[in-house]
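The values are calculated or read from the model by the stated rules, or taken from the named source; none is laboratory data. As the structure is a prediction and not an experimental result, all values here were calculated from the model. Cβ: placed from backbone, ideal geometry, glycine included. Neighbour counts: every protein chain shown. Surface accessibility is based on the protein's heavy atoms, side chains included, excluding ligands, DNA and RNA. Shrake-Rupley method; radii C 1.70, N 1.55, O 1.52, S 1.80 Å.
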Amino acid sequence: MGLCLFLLSFLFHSLYAHNDFFTSIGQMTDLLYTEKDLVTSLKEYIRQEENRLEQVKEWADKLDSLTSTATQDPEGFLGHPVNAFKLVKRLNSEWGDLENLVLKDTTNGFISNLTMQRQFFPTEEDQTGAAKALLRLQDTYQLSANTISNGDLPDPNHQRANGNLKYFEFQLEKQRKAEAEKKEQEDKKREKKVLDKRDAQRKRSKDPLPERKKYEMLCRGEGVKLTPRRQSRLFCRYFDNNRNPWLLLAPVKQEDEWDRPRIVRYHDIISDSEIKTVKELAKPRLKRATVHDPNTGKLTTAHYRVSKSAWLYEYEHSTIEKINQRIEDVTGLEMDTAEELQVANYGVGGQYEPHFDFGRKDEPDAFKELGTGNRIATWLFYMSDVSAGGATVFPDVGAAVWPKKGTAVFWYNLFASGEGDYSTRHAACPVLVGNKWVSNKWIHERGQEFRRPCAMSEME
């Protein structure tokens, strides 16, 4: 029976033994249950130890009283034959029993459990990743070490971590020094590549702020560039996508989030039960999210994308099929050539720095293996509310869209000509407090030739 339980536990844990715990809050929750199990095991060990020591104490108290009386008149005490017999008996056998009691090892259960669980513990890489996340949150949201250590974050349910200030300051400063030079070099190299690839329109930009600054400002809710005149042209409406039969009786709630590029949000577009199903299907498969390396053409992990993701296929569950059909009805775009539903869960300080969803001119083979052309549009579901941080921002145009559970945002990545819209360069801000779950569909060009998509370019 014990072997079966061990094997079941091993199989269960092996599903989550992907390391990189810090990149997914969803999977980190399993660590809490692991720790709770260890605490239960530790308390059982303490109970056994207390019981053992109580027996030893009772023995000591009894003999202390006996020997105190006996030593007042040793000959008189031993003159009684029963007392003499009991003394011999105690020294010959009972003290041996006490020795065994004192030497009894009650640690086996706890140590065995700890040893088994240890193989599923976070690694040094996780600790380093979490420390970097704290630095990232400090930089992006302009927080002090005192703010983080005291738990003074915008979360009324957070318990203050009193007494951690010196520890945090030391650890963060140590990590900052270790990473500063390396990060600076990597950022400069990456930013140079991005700048070299920018469209002529972007190169002519007169905005003096570097992209990184604009990105961090938008994450803090600053620098949003929407004039009152432009704001007045944003509306909410019930939308049936040109009288789509499936939307006539139940049109969706559509809200304009931004005008150029046009970004719309759909409210109440995915139910709580559907979200629960998607998360349950995705969680066992979550793996460190990757990015497309234009130099090698392969997928690789990157420090600027901190999350875990999984891909869900519509044949696996009717809910996925319904979700895909709903996206097709609302957008008017073909889903057969779209990529599968990608589910992502962000980790400690989880983020995805500024990037394009579509393949640029200097990446002609970006999606060649799919054979479905470029990514024409992006559909993004928000499957959780986020207490603080976690916005989707568009640095070039100064737009920020905040997560709201049950909603989705949609935008086109390409113009009608097939040229990429460089203003759609976007990012997922670091999650300051909360657990961010999203899922998205990347919709491709092929199959859209005879489609009548929803009017997304009317607002000019």
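Observations
- Residues in the range 21-119 average 70 Å² of solvent-accessible surface per residue, probe 1.4 Å, ligands and nucleic acids excluded.
- Put a dot 7 Å past the Cα of residue 111, heading toward its Cβ, do the same for residue 272, and the two dots end up 4.8 nm apart.
- Taking every lysine pair in the range 21-119 that is 8 or more places apart or spans two chains, those with Cα atoms closer than 19 Å amount to 4.
- Around the Cα centre of the range 213-444, unit charges on the Cβ atoms of Lys, Arg, Asp and Glu (plus for the first two, minus for the last two) sum to a dipole of about 780 debye.
- Of the cross-linked pairs 279/368; 279/441; 225/361, those separated by over 19 Å at the C-alpha level are 279/368; 225/361.
- Highest-first arrangement of 229-239, 338-348, 305-315, 123-133, where packing means the average Cβ count within 10 Å: 338-348, 305-315, 123-133, 229-239
- Prolate/oblate/rounded label for the range 213-444 (Cα gyration tensor, a/c 1.5): rounded
- Ranked by how many other beta carbons lie within 10 Å on average, peptides 247-257, 379-389, 400-410 from highest: 379-389, 400-410, 247-257
- In the range 213-444, the portion of solvent-accessible area held by carbon and sulfur atoms comes to 51 percent [1.4 Å probe, whole percent, DNA, RNA and ligands not counted].
- Within the accessible area of the range 21-119 (1.4 Å probe), percent carbon and sulfur: 58
- Qualifying trypsin sites (Lys or Arg not before Pro) for the range 45-126 [loop in DSSP, other Cβ within 10 Å: at most 14]: 104
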